[in-house]
Amino acid sequence: MYKPLEIAKDIFYVGVNDRTKHLFENLWPLPYGVSYNAYLIADEKTALIDTVDGCYSDVFFHKITSVLGDKPIDYLIVNHMEPDHSGSIAWLVSKYPEIRIVGNKRTVDMLKGFYGITDNVVLIQDMDTLCLGNCTLQFYLTPMVHWPETMMTYVPERKTLFSADAFGTFGTLDGGVLDTQITPEKYRSEMIRYYANIVGKFGSPVQTALKKLSGIKIDVVCSTHGPVWTQKTHIAEVVNLYDQLSRYEADPGLVIVYGSMYGHTEQLAEIIASSAAEQGLRKIVMHNVSKSHASDVLRDVFAYKGLLIGSPTYNNKLYPAVESLLSALQSRYVKNRFFGCFGSFTWSDASAKQLAAFAEASEFEMIGEPVVMKQAMLSEVTEKARNLGQCIAHKILSGAEVVPNNTANCH
Ligand code: FEO
């Protein structure tokens, strides 16, 4: 039924598309779906690299048999145990009872815990190899990219890297699987959203993994989500993007995020944005936290160097959706940003102080004083808001590096 898709000599794509789920991890919207990628190496010995979400076991099986027919699978390499990739393992073992499951110490623990599997398990260490015939599998342990057991598998004879979640993206594979068969640009925004939301907390482990992989020659990148990258320029782009994002570096642009009950904080956001635009800053993205999904806000915060957050005082605290955003940013250790804040209150000014404390804890470079409106807009508040927009635009356009906790700006 399926035509085998050979992505490198003896290496086949056997992944699936999910256009059904609304939410990845039951949290993150999937407007363009997601693919769960798995790969099959049909050498003298056969090896499957990862499985797919359990909902797609049947399609997965048909793709495997389109390559192997009745031949058995000798090895299952488990690069990552999150159930979007391990969900078909128990089912696979029922179909191929002799299959040997390859993983590291953390994998073995999870195989037992999730699926009660303890038999036919092959324990490997970092940098161990496994020969399949013409191809060798070399295992690189890359803990916390995205879970502690995560590893990558490299085939030196094909210069092919099976990278688990690294270099992955949301978005299904609509016909084409290889980067040569698609329009790669359409995945960029979803790749940043995927990174920011799923991997964003693990910048330091991603950097460690990139350094570990830096010595190997890679001609093909096979992630567990999204296209297979085969073109030098595309591989460089996705590796550079992951490198940039994991160092919390960002493009010159500004994200203005605000909560607003009755439009007062929103007025400040509008004034600040138009003032920044007047300075020539073209990349400005605004999010009303009550409407934008947090995953889109996180994507843009990871993408751009400037961040302004506005909140009314609510129950003597931050507006709840703003508070939730700050928690998401802190849990991802977001740093290296030019930051400003603004807000409104009626009888007690609490939000601006809490936003300033957040900036200090995050070691952002503070731009200007918090701009605060009591009850309604006054001309001096308008002036302060315009000044904040001007200052942060200048800072972003200057190309200056962020100075952590610097506050000597635009007073
Ligand atoms: Fe695609 Fe961390 O699972």
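The values are calculated or read from the model by the stated rules, or taken from the named source; none is laboratory data. Every value quoted in this text rests on a predicted model; they were computed, and no experiment measured them. Here the Cβ positions follow ideal geometry from the backbone for every residue, glycine too, while neighbour counts run over all protein chains shown. Areas reflect the complete protein model, heavy atoms only, side chains present, ligands, DNA and RNA absent. Shrake-Rupley method; radii C 1.70, N 1.55, O 1.52, S 1.80 Å.
Some notes on this structure:
- Picking from residues in the range 192-214 that are of a type outside the set (S, T, Y) and under 8 Å from the mean Cα position of the chain (by Cα), the one that is nearest to the ligand (Cβ to nearest atom) is I198.
- Check on F114, within 16 Å of the ligand (Cβ to nearest atom) and surrounded by fewer than 18 Cβ atoms within 10 Å (Cβ to Cβ): yes
- Criterion violated by M144 - all others in (1) open to solvent by less than 30 Å² (accessible area, probe 1.4 Å); (2) within 16 Å of the chain's Cα centre (by Cα) satisfied: (1)
- For the range 103-111, the count of residues that are more than 16 Å from the ligand (Cβ to nearest atom), over 30 Å from the mean Cα position of the chain (by Cα) and surrounded by fewer than 23 Cβ atoms within 10 Å (Cβ to Cβ) is zero.
- Filtered residues of the range 2-23 (kept if in a loop (DSSP other than H, G, I, E, B) and buried (at least 17 other Cβ atoms within 10 Å of the Cβ)): D10, V14, G15
- Residue match in the range 141-149 (condition: of a type in the set (S, T, Y) and more than 16 Å from the ligand (Cβ to nearest atom)): no
- Test: residue in the range 79-88 that is buried (at least 17 other Cβ atoms within 10 Å of the Cβ) and farther than 30 Å from M1 by Cα: no
- Residue check: Q138 meets all listed conditions (1) without any contact (Cβ under 8 Å) to a residue 40 or more places away in the chain; (2) among the polar types (S, T, N, Q); (3) open to solvent by 60 Å² or more (accessible area, probe 1.4 Å) but one, namely (3).
- Among the residues of the range 380-396, those identified as touching a residue at least 40 places away in the same chain (Cβ under 8 Å) and of a type outside the set (A, V, I, L, M) are T382, R386, N387, G389, Q390, C391, H394, K395.
- Any chance Y248 is touching a residue at least 24 places away in the same chain (Cβ under 8 Å) and on the phi > 0 side of the Ramachandran plot: yes
- Subset of the range 163-188 [more than 16 Å from the ligand (Cβ to nearest atom), more than 24 Å from Y2 (Cα to Cα) and out of contact with any strand residue (DSSP E or B) (no Cβ under 9 Å at 6 or more places or on another chain)]: E185, R188
- Being within 16 Å of the ligand (Cβ to nearest atom) and in a loop (DSSP other than H, G, I, E, B) is a property that Y32 has.
- Of the residues making up the range 397-408, not a single one is without any contact (Cβ under 8 Å) to a residue 60 or more places away in the chain, under 22 Å from H287 (Cβ atoms) and not hydroxyl-bearing (S, T, Y).
- If you check V238, V220 for being under 26 Å from E6 (Cβ atoms) and more than 14 Å from the chain's Cα centre (by Cα), only one passes: V220.
- Test: residue in the range 53-68 that is open to solvent by less than 10 Å² (accessible area, probe 1.4 Å) and within 14 Å of the ligand (Cβ to nearest atom): no
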